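No lab work stands behind these numbers, since they all come straight from the coordinates. Because the structure is predicted, anything quoted here is derived from the model rather than measured. For neighbour counting, all protein chains shown are included, and Cβ atoms are generated from backbone atoms with ideal geometry for every residue, glycine included.
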Amino acid sequence: MTSPTILKIAVNVPLSRLFDYLPPDGIAAIQPGSRVIVPFGRREKIGVVMAQSDSSELPTGKIRQCLATLEDEPVLSAEDLRLISFTSDYYHHPIGEVVAAALPALLRQGKPLFPTLAFVAISDAGASADVEELARRAPRQAELLESIRAAGGNGIDIESLTELIPTWRRAAKPLLEKGMIVRFDAKADAEPLQCDVAASPGPELNDDQCAAVAMLRQQEGFATFLLDGVTGSGKTEVYLQVIRDVLADNRQVLILVPEIGLTPQLVARLRQRLGIEPVVLHSRLSDVDRLTAWRNARQALAKLVVGTRSAVFTPMPDLGLIVVDEEHDQSLKQQEGLRYSARDLAIARAKHRDVRVILGSATPTLESLQNCREGNFTQLLLPERAGGAKPPSMRLIDLNRAAAAEGLSEPLATAIEDHIVADGQVLLFLNRRGFAPTLICAACSHIAECERCDSRLTVHARDRSLRCHHCGANKPLPEQCPECGAAVKPLGEGTERLEEALVQRFPNYRVRRIDSDSTQQKGAIEEALAAAEQGEADILIGTQMLSKGHHFPKLTLVGVINADQGLFGTDFRSGERLAQSIVQVAGRAGRESRPGVVLIQTAFPDHPFWQRLITGGYQRVANESLAEREDSRWPPFTRLAMIRSAAHKQQDALAFLQRATELIRIEKPEYLRVLGPVNAPMARKAGRYRAQLLIQSSDRRSLHTLLAILRPALEAEPTARKVRWSIDVDPIELF
Ligand code: ADP
Ligand code: ZN
């Protein structure tokens, strides 16, 4: 007798293991990648078969049986499962939760992969019926019978029928009763995506672009390229060439972008230049639309998939290329639940599939630059702007000499005037929404703070509220100090306040604020960006979201209102981040024929950071930061993992991490440095106390060996029951 097949099943629970089950009665085995319903404790859960085996650690009598399978064919391929397993191993995250993150919500809930539609079709009796005779007595029925007959043996789905004959239902009833037509449910045929624009040619590539394309074309099989090109250097044109090659080969292309709401221009450009309708995957899709897009990619009907970070898991059987645009952008990293870097997973996936991956940025991460130096990535440089546009010039405005009223200094105000008079457009960058970041009492200096977080409340003048930007708390703006009753006043500037100041100062200019408050409604971002692009505003005020990737043809002046917080950040990445955000926002200026100017207001004009940035640009900041990181042993020269915990009581959060420290010590890690446990920089958020433990290692392997032991040990820890905890591998925020 052969031993029964054991199914190794991933179940969506926070445990780092697979569960053994037997196939349901009458089924010999179920292929990996299939969803099944399993008894789990006293409940039923949906699981995914990861592997089949002939052995189990459990005695055969103890292994439970699956209740049912949900598919005729596996939803996930062997390649999809490989990426999922890799993700679970690398990020030390429970496999069942990784599977859940990789599946669209409807599949997670057990809905079918293919929607079933109701169809009607002609029966034998209907096929031989005398339609002319019927037409004399019941013309409607005859008309319907003709239409259904015309659809052939497979019938017609009722949606299409409704389009054809909106009132068909009344005539269908007698036909059904007479047995002339039949009704049944069936899978809908997948429809290839239609695109109504023909591919249009782009500009002729310049020498640097040609060299980059040639390098990319030389490569067959896996390689990681860093397309390191200044803003407006024509990186997208390089992607387009290579994408076209891959599509011509009838293979699929995956493009990952930081935030899709912010990149309608990219999607429109892909459509126009390639004559292909991109399938767009992002968090604002409805569940049904997401499943449809996912299925089309899985069937290889979608040739071009553009998506935000979770799109890295999209099944693509004919994958031929991955592009990660703006590879430095922090939104490519998921910061909660399964904490993964879509960029790093894209590289792993490209390696598994033996295809090229292109990372593009004007401000690459130091990790990627170091990978180029070490020969792991191939660096492709585009040092100049394409099509004759000049790089913007950058200058500082010393706030010690030119005081700013409401955030606006006189030299900046004068420059704004000059640029608009010369028919230019102005972008003012202030990465703080709301009216003012602090509300202070003029008499007793009491500051309005969040009750649930260790943070100040932001004044929002438009709707007269005080809001916490960390937990979302919202209350009415008080007129008086709750402590002493004196008048309160807002301190510091946010985008709302700047907007007010500009409207007062320049009553004849059109001012438009674009931040997450002003673009809450669906379609509002797209509308605001289109208006900005068409020059329907003279002055744009924006947060980080306006600094990314956009092309505003008329824009000639960028003003950075306040960047000084970034100069003194405690995170070892603050310098890199500040340089990235300034260079990116500066990159919006002068992208066409007129030169761009960037003015940066600072109270610390002598800070070495500014000297580096202004004399040597991002490259110099990056080079010097890399040297500093090497000296101080921070990434990319070491590897990090952060263990975080949060609890209602501070001592619980710390006790759990204390246990983690003890468990680490048992593993005698000579190569590891353990920092903490300590309270998180924001020790209380949304009512929970937060603590953290940082593990630093000189090599990747020892860190991962340790985490592989630590994770299951922590899952079994009694102190874990009182906390929420997580492991963050390669953390990008140390809070
Ligand atoms: P990036 O992606 O590096 O920001 P884009 O590909 O968006 O740059 O190009 C910036 C602008 O320059 C676009 O308007 C683009 O059409 C134009 N452009 C790109 N390459 C060329 C070229 N070789 N000749 C002329 N214009 C170009
Ligand atoms: Zn709060």
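Eigen-decomposition of the gyration tensor built on the alpha-carbon atoms of the stretch 595-735 gives equivalent ellipsoid semi-axes of 36, 21, 11 angstrom, largest listed first. Once the Cα atoms are used to define both axes, helix 495-505 deviates from the longest principal axis of the chain by about 60 degrees.
For the stretch 449-560, averaging the sequence separation of C-alpha pairs within contact (under 8 Å, six or more residues apart) and dividing by the residue count gives a relative contact order of 16 percent.
Once you sort the root eigenvalues of the Cα gyration tensor of the stretch 267-388 as a ≥ b ≥ c, which label holds: rounded (a/c under 1.5), prolate (a/b larger than b/c) or oblate (the other case)? Prolate, because a/c is 1.5 or more and a/b exceeds b/c.
Dipole of the chain computed with +1 at Lys/Arg Cβ and -1 at Asp/Glu Cβ about the Cα centre; of Pro478, Pro203, Leu145, farthest Cα towards the positive end is Pro478.
Its Kirkwood hydrodynamic radius, worked out from the mean inverse distance over all distinct Cα pairs, puts the stretch 1-130 at 16.2 Å. Charges were assigned to the Cβ only: +1 to each Lys and Arg, -1 to each Asp and Glu. The resulting dipole of the chain about its Cα centre is roughly 1720 debye. When the charge dipole of the chain is built from unit charges on Cβ atoms (+1 for Lys and Arg, -1 for Asp and Glu) and taken about the Cα centre, the candidate among Val678, Val511, Gly375 whose Cα reaches farthest toward its positive end is Val678. Taking one quarter of the surface of the C-alpha convex hull of the stretch 381-482 gives a mean projected area of 11.5 nm². A dipole drawn for the stretch 353-435 from +1 and -1 charges on Cβ atoms has a positive end, and of Ser393, Gly360, Ala404 the residue lying farthest that way is Gly360.
Based on alpha carbons, the Rg and Dmax found for the stretch 64-166 are 23.5, 73 Å. How large is the charge dipole for the stretch 493-579, taken about the Cα centre, if only the Cβ atoms of Lys, Arg (+1) and Asp, Glu (-1) carry charge, to the nearest 20 debye? The dipole magnitude comes to about 140 debye. Couplings 3J(HN,Hα) for the stretch 693-710, derived from phi with the Karplus relation 6.51 cos²θ - 1.76 cosθ + 1.60 (θ = phi - 60°), are 9, 9, 10, 10, 9, 7, 9, 5, 4, 4, 4, 6, 4, 5, 4, 5, 7, 5 Hz, where x marks Gly and Pro. For the stretch 181-336, a simple Cβ point-charge model (Lys and Arg +1, Asp and Glu -1, everything else neutral) yields a dipole of about 480 debye relative to the Cα centre.
Straightening the chain between Glu479 and Arg395 buys 26.2 nm, computed as 0.36 nm per residue apart minus the Cα-Cα spacing.
Remark: Met682, Met215, Met50 ranked as Met682, Met215, Met50, counting other beta-carbon atoms within 10 Å and listing the fewest first. Contact order, relative form, for the chain: 11 percent (alpha carbon pairs under 8 Å, 6 or more residues apart, mean separation divided by residue count).
Stokes-Einstein diffusion for the stretch 610-682, with the hydrodynamic radius set to the Kirkwood value over Cα pairs and evaluated at 37 °C in a medium of 0.692 mPa s, equals 215 µm²/s. Shown for Cys450, Cys444: other C-beta atoms within 10 Å of each C-beta, ranked fewest to most, produce the order Cys444, Cys450.
Calculated on the Cα set of the chain, radius of gyration then Dmax: 29.9, 97 Å. For Leu281, nonlocal amide neighbours, meaning residues 5 or more places apart or on other chains whose placed amide H falls under 5 Å from its own, are Val306, Gly307, Thr308.
For the stretch 340-393, the alpha carbon positions stretch 41, 22, 21 Å along the principal axes, listed from largest to smallest.
Over all directions, average the projected area of the Cα convex hull of the stretch 474-606 and note it in nm². With the hull built on Cα positions only, its mean projection is 11.5 nm². Sparse packing (at most 15 other Cβ atoms within 10 Å of the Cβ) combined with a DSSP loop state is found for the following GluC sites (Glu not before Pro) in the stretch 1-86: Glu57. Here the alpha carbons of the stretch 247-314 define both size measures, Rg and Dmax, at 11.3, 32 Å.
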